[in-house]
Amino acid sequence: MLKIENVSVYYDKAIAIDNVSIEVKYNEAVCVLGSNGAGKTTLLNAIFNVVPKLGRVVLNNIDITNTPTHKIAKMGVVYVTDKRTVFNDLNVYENLEIAAFDIIKSSGRKFFEKNLSAIFEHFGNLEEKQKLKAGYLSGGEQQMLSVAQGLIRAPKLFVMDEPTAGLSPKLMGYVFDIIAFMKKQKMTILIVEQNVNKTLMATDRAYIMEVGKIKDSGNSKDFLDSESIKKAYLGG
Amino acid sequence: MLGGVLGFVLIQHSIPVFISVIISTIIVSIIAILIHVTMLSKTKNANELSLIIMTIGISIFLRGVVAVVLDKDAHPLTPFFNFSSVSLFGITFSSQYIIVICAVIIFVGLFYFYMNKTLPGKIMQAVSMNPLASKIFGIDVNFQQLKAFAISGFVGSLAGIIIAPISFVQYDMGVMFGLKGFAACVVGGFGNNTGALVGGLIIGIAESLSSGYISSSYKDLIAFVIMIAVLFIKPSGLFSSEDVERV
């Protein structure tokens, strides 16, 4: 479904990711793990053309290397960034409305409202706070809103950058429940996370990044307690 | 300024006022779009400050062009109504003020409705709040910026032409309006359209009162004294809500 071939990103002369190639197949949940500064976020930003890159990115056999971010979004892909995707001065309902604006245009508001009801089944607290400005939500609620914004687009590929960053253990567990739900819905997932064990348990395959390079890859379960994980996070 | 000057030139050529207003607003909107397409959107590593400085530079350039092509003199323009003044509750004022007040009420109402009650308006707000998230949800940020420029060109031009009979038409007629508009935004709170409107009213009334009770020589001073006072007392503006950043 998604192929990243020999992608490199430079910030001025410093190399952030170096010749990285990864693949995500249909209905697969793939994670990219690595310590801070390994280049995980840069890799996701490169896929979505948020940063300039060298190399090639292919989505569903279509070359999207130079496709603008907003056009990639219309190809059934959602990217929940680590900086949260909420619009602070709009209320929760409007945030979801904006996230699904093209769906409203193409399928109508009734379809949107139906999707919204389904989303609120999983995010009950957001339903209660529909009229509250997103800027007044707690950090955890904003994170939930970001995920809900992604889900309401009913994407085929869901890309997430550290969705549990800064969340309490309870909310963290909730995010992984949502990921399990996405897998049940046959959604393809690419996730970058710091929460190693839970992410490995929740995904099918893993790539381990270290200082801008892919150091190892394989089945997620095989990496539980593996040496390459320890090396990626602790060095050595 | 451009709207006022274009409208003035068209009216001088015996084109009806209403048609002149339409033509000048269309031309200025197109110029605004061209400025965005050819200059602002092509700026590399643009940040807000560099774009603000660039637009100030463009406005100085446009004033220079008008000063050369037209002249530097102040040209009077007769009010759009057949009667030049109106008396209401013992106050006599130019009939043009009726058009100005009606235009403000209509356009503030329309913009409030568009920006807050329609999806395209909310999309424009979203782009100004979080451009990256907007792109991620499939919004063409460049098109939205273009739309914002066209709207600002339209509003600026309309304001220029309907204020022209009150202020005279001159190559630099927009400078003081721009500065006082900025002061009104600071008083009301940046990003709050209704606040800017009320800020403008506060400044306007204070200016008129100061002209009557103190001296009209200090009229222009008042706007900036109020602005500085608001910056001391409530830097975010009188009608702003406190921004909360969650971590």
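Annotations for the structure displayed:
- Total residues in region B:134-182, condition touching a Lys or Arg at 6+ places or on another chain (Cβ under 8 Å) and farther than 30 Å from B:Glu207 by Cα: 3
- Residue within region B:219-232 that is of a type in the set (Asp, Glu), out of contact with any Asp or Glu (no Cβ under 6 Å at 6 or more places or on another chain), in the same structural domain as B:Met176 (by TED's automatic domain parsing) and closer than 20 Å to B:Ile101 by Cβ present: no
- The listed residue being part of a helix (DSSP H, G or I) and more than 25 Å from the chain's Cα centre (by Cα), out of B:Ser87, B:Ser134: B:Ser134
- The condition (being away from chain B (no Cβ under 12 Å), part of a helix (DSSP H, G or I) and without any contact (Cβ under 8 Å) to a residue 40 or more places away in the chain) is satisfied by just one residue among A:Leu116, A:Leu43: A:Leu116.
- Taking the numbered list (1) surrounded by 18 or more Cβ atoms within 10 Å (Cβ to Cβ); (2) out of contact with any Gly (no Cβ under 8 Å at 6 or more places or on another chain); (3) within 27 Å of A:Ser35 (Cα to Cα); (4) within 12 Å of chain B (Cβ to nearest Cβ) in turn, A:Ser138 passes all entries but (1).
- Hits in region A:29-40 (condition: at pLDDT 90 or above and either of a type in the set (Val, Ile, Thr) or surrounded by fewer than 17 Cβ atoms within 10 Å (Cβ to Cβ) (or both)): A:Val30, A:Val32
- Per the conditions (1) surrounded by fewer than 16 Cβ atoms within 10 Å (Cβ to Cβ); (2) assigned by TED's automatic domain parsing to the domain that holds B:Ile203; (3) in a helix (DSSP H, G or I), the sole criterion not satisfied by B:Phe190 is (3).
- Qualifying positions in region A:56-74 - more than 9 Å from chain B (Cβ to nearest Cβ) and out of contact with any helix residue (DSSP H, G or I) (no Cβ under 8 Å at 6 or more places or on another chain): A:Arg56, A:Val58, A:Asn60, A:Asn61, A:Ile62, A:Asp63, A:Thr65, A:Asn66, A:Thr67
- Candidates in region A:76-87 are the residues that are part of a loop (DSSP other than H, G, I, E, B) and modelled with pLDDT under 90; of these, the one that is nearest to the other protein chains (Cβ to nearest Cβ) is A:Thr85.
- Exclusive hit being closer than 22 Å to A:Asn45 by Cα, within 14 Å of chain B (Cβ to nearest Cβ) and aliphatic (A, V, I, L, M), set A:Ala206, A:Ala148: A:Ala148
For (1) more than 26 Å from A:Lys3 (Cα to Cα); (2) of a type outside the set (Ser, Thr, Tyr), each residue gets a yes or a no:
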{"site": "A:Gly37", "(1), (2)": "no, yes"}
{"site": "A:Val77", "(1), (2)": "no, yes"}
{"site": "A:Asp82", "(1), (2)": "no, yes"}
{"site": "A:Tyr93", "(1), (2)": "yes, no"}
{"site": "A:Ser107", "(1), (2)": "yes, no"}
{"site": "A:Lys114", "(1), (2)": "yes, yes"}
{"site": "A:Ala118", "(1), (2)": "yes, yes"}
{"site": "A:Gln130", "(1), (2)": "yes, yes"}
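- The sole residue among A:Leu145, A:Leu151 that is of a type in the set (A, V, I, L, M), buried (at least 18 other Cβ atoms within 10 Å of the Cβ) and either more than 13 Å from the chain's Cα centre (by Cα) or assigned to a loop (DSSP other than H, G, I, E, B) (or both) is A:Leu145.
- Enumeration of residues in region B:94-115 that are assigned to a helix (DSSP H, G or I) and either among the hydroxyl-bearing types (Ser, Thr, Tyr) or within 9 Å of chain A (Cβ to nearest Cβ) (or both): B:Tyr97, B:Tyr112, B:Tyr114
- Checking B:Lys122, B:Lys72 one by one, the residue that is surrounded by 11 or more Cβ atoms within 10 Å (Cβ to Cβ) and part of a helix (DSSP H, G or I) is B:Lys122 and no other.
- Listed by first and then second residue, the pairs linking a residue in region B:194-214 that is of a type outside the set (Asp, Glu) to a residue that is crowded, with 16+ Cβ neighbours inside 10 Å and not in a helix (DSSP H, G or I), with Cβ atoms under 6 Å apart and 6 or more places separating them unless they lie on different chains, are B:Gly195/B:Gly189; B:Gly195/B:Gly237; B:Gly195/B:Phe239.
- Restricting attention to region B:31-63, the residues that are in contact (Cβ under 8 Å) with a residue 24 or more places away in the chain and of a type outside the set (A, V, I, L, M) total 4.
The values are calculated or read from the model by the stated rules, or taken from the named source; none is laboratory data. In this text, all values refer to a predicted model and were calculated from it rather than measured experimentally. In this analysis, Cβ positions are derived from the backbone assuming ideal geometry, glycine residues included, and neighbour counts consider all displayed protein chains.
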